[in-house]
Structure formats: structure tokens, C-alpha cells
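Asks: Sharing a structure, written as C-alpha cells. Questions coming.
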Amino acid sequence: MTEAEIIRNVQTVRENIVRAAEEAGRDPAGIRLVAATKMNDASAVRAAIAGGVDICGENRVQEMLEKQGQGAYDGVPLHFIGHLQRNKVRQVVGLCELIHSADSLPLLEEISRVAGNRGLVQDVLLEINIGAEDSKSGFSPEELPEALERAALLPAIRVRGLMAIPPVCEKPEENRPFFLALQKLFVDNSGKKYDNIRMDFLSMGMSADYAEAVRCGANLVRVGTGIFGPRHYT
Ligand SMILES: *Cc1c(COP(=O)(O)O)cnc(C)c1O
């Protein structure tokens with residue numbers, strides 16, 4: 001992809017988000033576009049930022065630190081969206097504005113411990129295994145209320161909402177039940193009054209299905225291929 005193509009792709013994705021939001025009677029201004037930048041180099045990431053993405057989201061700590069050293073993300077906030085190992089928490093806390101993928105209590109505890117040591121409060125989303133897949137991590141919907149109770153006791157994290165990656169589907173409409181289930185979980189658990197829990201972000205939808213996710217209430221969508229083209233796994 002050339003830089004011009006990446007910029008054009010961002011504009012197309014943005015237009016699709018606006019259309020989906022309007023179809024659902026939502027204000028498009030409330031929906032943030034996260035460029036899922038894994039396996040794309042600093043110049044591609046800069047093109048996406050020039051195209052107007054709101055946020056960059058990375059999956060791997062090492063790759064993120066390399067690109068950050070190259071100034072790849074300058075101008076937009078950085079989020080962590082991939083599976084995070086506990087021994088890598090130190091490198092992510094404070095650098096990333098939001099961790100989308102807090103998928104277990106031990107990970108939440110480690111994030112809080114590291115952030116607390118540095119005098120920070122780290123914003124996180126709880127990842128939900130919405131399709132109950134063995135291959136995916138995350139809290140089950142049934143576990144969520146207790147996870148929130150436990151998270152409420154951790155002084156240096158703030159839970160800002162939920163994230164999920166639904167099962168791989170043939171057609172975007174097939175993910176609709178999962179998106180709706182996550183949206184319901186988000187709403188049902190928003191009323192609880194804990195000081196460090198503020199359910200304001202619902203992170204769902206990727207290249208194949210972000211429009212469907214927006215129609216179902218997403219306000220953070222994570223788009224990689226739709227911006228950068230296919231990733232080249234070598
Ligand atoms: C790679 C990735 C995306 C983007 O996937 P595409 O299908 O390329 O848009 C979104 N979210 C997460 C967590 C990812 O790892």
C-alpha cells in the first residue's frame with residue numbers, strides 16, 4: 001500500500017462508520033477509529049495518522065517499543081490491544097493510554113501493582129470471551145460481575161469498559177448476536193457504583209465487521225486490514 005492508498009482507506013472506513021452510526025441513530029462523533037497497526041511499519045502508521053485515525057493500537061510489546069522509538073505514533077494516543085503477558089506489563093503501563101485486553105484477574109492485579117508503584121492509574125477494558133471459545137482468553141459473561149467487584153479493589157487501575165473479539169464468521173451479520181450480547185453486558189454492568197469503574201468504552205468490530213459493530217453500539221473500532229491491506233506473515 002502506498003501512503004496515498006492508506007490515507008484513502010482511512011477516509012473510506014470513516015465514511016462507513018458515519019453511515020453505520022446514522023443508520024443506528026447514533027452520533028458518529030462519539031465513535032473512535034483505532035488503527036490496528038501490527039506488522040505495519042512506521043511509515044505506514046504515519047500515513048494512517050495523516051489520514052485521520054484517532055488512535056493507534058498495537059499487539060506486541062517489542063514491536064510497539066521499536067515503532068515508538070521511531071516516532072511512529074506521534075500525534076495520537078497509543079492503545080494496547082493484543083494479549084498481554086504479565087511479565088510485559090511494565091513496558092506497557094503508562095505508555096499506553098488504554099489497555100483493551102485485560103483478560104484475567106492476575107493480569108489486572110499486576111497492572112495495578114506496576115501502575116501504583118509509578119504513581120499512575122492505568123485505564124483498562126475487560127476482555128470478554130463472548131463466543132465462549134477455548135482458543136480465546138477473557139472473562140466469561142457470567143464472570144464479569146465478580147471481576148468488576150475484584151477490579152474495584154485494585155487502587156491503580158480504572159476500568160473504562162469492555163472489549164471482545166467474536167468468533168471468526170463468514171459474513172459480518174453473523175457476528176451481530178455476539179455484538180448485541182456484549183452491548184447488553186456493557187449496559188447491564190454500567191449502573192454499578194464503584195469509584196474506579198466507569199463503563200464508557202465498548203471496543204468491538206474489526207475490518208470485516210466494524211459497521212455491524214457500530215450499529216450494535218461500539219464506540220471504539222479496531223481496524224487493520226481495512227486501512228493497511230493484508231498483513232504479510234513471513
Ligand atoms: C489485528 C487485530 C485487529 C484488526 O484486525 P483486521 O481484521 O485486520 O482489521 C483488531 N483487534 C485486534 C485485537 C487485533 O489483534
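Asks: Pairwise over distinct Cα atoms, reciprocal of the mean inverse distance: report the Kirkwood radius of the range 140-229 in Å, one decimal place.
Replies: Values: mean 1/r = 0.0719 Å⁻¹.
After inverting the pairwise mean of 1/r, the radius is 13.9 Å.
Asks: Kindly count the pairs of lysines across the chain whose alpha carbons are less than 21 Å apart, treating pairs on different chains or eight or more residues apart as eligible.
Replies: Qualifying lysine pairs in the chain: 9.
Asks: Skipping prolines and chain starts, which residues have an amide H placed within reach, meaning under 5 Å, of the one on residue 139, given they are 5 or more residues away or on another chain?
Replies: 127, 128, 129
Asks: Using every Cα-Cα pair within the chain, state what percent have a distance larger than 31 Å.
Replies: Across the chain, Cα pairs with separations above 31 Å total 18 percent.
Asks: Rounded to the nearest 0.05, what FRET efficiency do residue 169 and residue 233 give with R0 = 30 Å and r taken as the Cβ-Cβ distance? Could you check? Don't jump to the answer; show the numbers that get you there.
Replies: On the way: r = 21 Å, r/R0 = 0.70.
Efficiency, rounded to the nearest 0.05: 0.90.
Values in this text are rule-based calculations from the coordinates and carry no lab data. The structure presented is a predicted model; accordingly, all values stated were derived computationally and were not measured. Heads up, the Cβs are rebuilt from the backbone with ideal geometry, glycines too, and the neighbour counts pull from every protein chain shown.
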